[in-house]
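Have a look at the structure below, then the notes.
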Amino acid sequence: MVSVRIAAFSLIAASVLPAQETQPLSSEQFGDLCMARKQFREAIDSYRKGPQNSPITWNKIGIAWHQLGDLNAAKKNYEKAMKIDKTYADAVNNDGTIYYAQKKYGAAISRYQKAIKLRPDSASFWSNLGTAYYSRNRYKEMIVAYQKAIELDPNVFEHHGLVGTEMQDRNVADRARYHYEMARIYAKTGKNDLALQYLRRSLEEGLKDKIKMTQAPEFAKLRETAEFQAIIALEPRVL
């Protein structure tokens, strides 16, 4: 199953003013509220009452179907959004996540690149591109894309949310290698706590090459710390 993070956007607060002081919710607002509550079918029903010529409407319906695991329905709605507005980057990106889930990594990369061309300041798009590169064993390109994502949003890989308009893939096959590469990236950018956290995860997922870990230049400043030594002392998990 595809693991995703959806970039946060404006949502109705959980604590609202007394009923007599509030305005009725629009179909989109109510749909957003249902998404936050993980009531995805109710969200779809509500979004469908919204403007039929809005790419945002169809994109959000696609996301709800995506959360329900119906990739065909999700893709159909992302494509409706793109048909209405070919420059709507969120739908282009989200369509890429469908290809990624289907292991069509080349097509996913193409979609993510197009989304980035339309909106180069989206950390989620760069993150998705890096993940797709990783799945094609294109590690150097992955690192470049991930570094760009972190530059745009230092916490892009640590967010956890359930409402929004941008899908972000987190599902990879070799999680041990993935976490090791993430540790290298964070160490290179000076985020030592996260570097150590991902290094530990890489061992817990079964990474066995400790020599490679200790010799990586990105870990030079961490190598003598007690935290690093404790991680290196861990025994790899037997898979």
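The values are calculated or read from the model by the stated rules, or taken from the named source; none is laboratory data. Everything quoted here is computed from the prediction, not taken from an experiment. No Cβ is skipped: glycine too gets one built from the backbone with ideal geometry, and neighbour counts run over all protein chains shown.
Taken together, Asp174, Asp193 contain a single residue that is more than 15 Å from the chain's Cα centre (by Cα), modelled with pLDDT under 85 and of a type in the set (Asp, Glu), which is Asp174. Residues that are crowded, with 20+ Cβ neighbours inside 10 Å, modelled with pLDDT of 90 or more, of a type in the set (Val, Ile, Thr) and under 28 Å from Glu204 (Cβ atoms): does segment 136-158 have at least one? Yes, segment 136-158 contains at least one residue that is crowded, with 20+ Cβ neighbours inside 10 Å, modelled with pLDDT of 90 or more, of a type in the set (Val, Ile, Thr) and under 28 Å from Glu204 (Cβ atoms). Quick check: anything in segment 58-74 surrounded by fewer than 17 Cβ atoms within 10 Å (Cβ to Cβ), at pLDDT 95 or above, touching a Phe, Trp or Tyr at 6+ places or on another chain (Cβ under 8 Å) and of a type outside the set (Phe, Trp, Tyr)? Scanning segment 58-74 turns up at least one residue that is surrounded by fewer than 17 Cβ atoms within 10 Å (Cβ to Cβ), at pLDDT 95 or above, touching a Phe, Trp or Tyr at 6+ places or on another chain (Cβ under 8 Å) and of a type outside the set (Phe, Trp, Tyr). Residues of segment 184-239 that are small (Gly, Ala, Ser), part of a loop (DSSP other than H, G, I, E, B) and either surrounded by 12 or more Cβ atoms within 10 Å (Cβ to Cβ) or touching a helix residue (DSSP H, G or I) at 6+ places or on another chain (Cβ under 8 Å) (or both): Gly206, Ala216.
So which residues in segment 47-60 are free of Cβ contacts under 8 Å to residues at least 24 places away in the same chain and under 23 Å from Asn93 (Cβ atoms), if there are any at all? If the condition is that a residue be free of Cβ contacts under 8 Å to residues at least 24 places away in the same chain and under 23 Å from Asn93 (Cβ atoms), then Tyr47, Arg48, Pro51, Gln52 are the ones that fit. When you look at Ala132, is it of a type outside the set (S, T, N, Q) and either on the phi > 0 side of the Ramachandran plot or under 20 Å from the mean Cα position of the chain (by Cα) (or both), yes or no? Judged against the criteria, Ala132 is a match.
Residue-level check: of (1) in a loop (DSSP other than H, G, I, E, B); (2) under 25 Å from Ile44 (Cβ atoms), Ala73 misses just (1).
Does Ser3 meet the test of being touching a Lys or Arg at 6+ places or on another chain (Cβ under 6 Å), at pLDDT below 95, closer than 24 Å to Leu152 by Cα and not basic (Lys, Arg)?
When the stated conditions are applied, Ser3 passes them.
Restricting attention to segment 80-133, the residues that are free of Cβ contacts under 8 Å to residues at least 40 places away in the same chain, among the aromatic types (Phe, Trp, Tyr) and buried (at least 24 other Cβ atoms within 10 Å of the Cβ) total 2. Of all the numbered requirements in (1) in a helix (DSSP H, G or I); (2) modelled with pLDDT of 95 or more; (3) of a type outside the set (Val, Ile, Thr), Glu28 misses one, and that requirement is (2). In segment 14-39, the residues that are surrounded by 15 or more Cβ atoms within 10 Å (Cβ to Cβ) and acidic (Asp, Glu) form Cβ pairs under 7 Å with partners that are part of a loop (DSSP other than H, G, I, E, B) and at pLDDT below 90, at six or more places apart or across chains, as follows: Asp32/Leu11; Asp32/Ile12; Asp32/Val163.
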